[in-house]
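Okay, so here's the structure we're looking at.
What follows is calculated from the coordinates using simple rules that are stated; it is not laboratory data. A quick note: this is a predicted structure, and the numbers were derived from the prediction, not measured. Note that we place each Cβ from the backbone using ideal geometry, even for glycine, and neighbour counts take in every protein chain shown.
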Amino acid sequence: MVYNRYREVLMNIMNSTLKYGSENIASELRREILNGQILAPEKLPAERELAEKYQVSRGTVRAALSKLEKEKFIEIKPGSGAFVIHKTSAVPVSEVKNANPLELIDARFALEPHICRLAVLHGKKEQFLKLETLVEAMEKSVKDPIQFASADTAFHQVLADCTGNNLLIWIINQINSVRGQDEWTKARHQTLNDNIIRTYNIQHKQILSAIKLREPEKAASLMKEHLEIARLSLTRAAGT
């Protein structure tokens with residue numbers, strides 16, 4: 001699935017270019033729990049294993065786990081480890097799963113401009129670095145629609161992560177989780193040509209620039225323009 005490809009790309013980028021802090025680790029584990037990749041009452045890896053995975057101290061891991069416990073995602077049992085207590089579905093809700101690409105674009109149009117505003121308010125430097133890396137990845141993928149789509153999905157997911165709003169993060173996760181289905185794959189083949197990818201790359205760069213410059217309304221406006229072009233492209237493809 002495109003979502004899984006996106007996750008693999010993002011993990012490789014993060015492991016090779018960024019140093020994890022407790023917030024990053026908490027965000028990564030939270031996302032896995034919300035996605036249903038780690039289900040209650042599953043036990044998380046030991047602190048030592050997580051410290052090795054993220055190349056940080058056990059104290060940093062401990063701080064991340066403490067944050068997740070306060071948010072009621074996990075329960076830490078002294079001497080036993082950390083266990084997931086947040087219950088979520090491992091599959092997209094039916095309304096999202098059955099939505100067509102145009103319906104999902106409309107949903108994104110309602111959400112993502114405000115996500116840009118919140119990213120300006122709450123986004124962290126490390127998250128902006130991830131977005132920059134993904135912009136670079138997309139710019140290198142003009143001739144590779146599949147790779148572009150993976151980095152594109154990651155870009156919009158990291159934008160949601162910047163908000164720190166778990167509900168918005170979950171909703172965007174659900175939307176992204178169906179982008180590997182047949183209807184989306186067909187739409188991608190019909191719409192992602194060299195010209196449209198170059199246009200999207202310019203727009204992604206402009207959106208990120210506005211967010212980094214702390215210009216929320218400009219970032220929201222640019223996201224609207226981006227999604228309007230995406231919707232127009234899908235509408236034309238649906239009519240062919």
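For the range 94-238, the calculated P(r), taken from all Cα-Cα distances in 10 Å bins from zero up to the bin holding the longest distance, is 12, 45, 37, 6 percent.
On the beta carbon distance between Ile202 and Ala63, with R0 = 35 Å, the FRET formula returns roughly 0.35. Other residues lying with their Cβ under 13 Å from the Cβ of Ala46 contribute a combined charge of +3, Lys and Arg counting +1, Asp and Glu -1. Placing +1 on the Cβ of every Lys and Arg and -1 on the Cβ of every Asp and Glu, with nothing else charged, gives the range 19-84 a dipole about its Cα centre of roughly 140 debye.
Taking a sphere under 13 Å around the Cβ of Glu75 and counting the other residues whose Cβ falls inside, with K and R at +1 and D and E at -1, yields a net charge of +2. Projecting the Cα positions of Ser80, Tyr54, Ser66 onto the charge dipole of the range 19-84 (unit charges on Cβ atoms of Lys, Arg, Asp and Glu, taken about the Cα centre) puts Ser66 furthest along the positive direction.
The simple spin-label model puts a point 7 Å past each Cα toward its Cβ; for Glu42 and Asp194 those points are separated by 4.3 nm.
Per residue, the Cα convex hull of the range 19-84 amounts to 75 Å³. For the pair Lys143 and Ile85, label points projected 7 Å from Cα toward Cβ lie 5.4 nm apart. For the range 94-238, a crude dipole built from +1 on the beta carbon of Lys and Arg and -1 on the beta carbon of Asp and Glu, taken about the Cα centre, is about 220 debye to the nearest 20.
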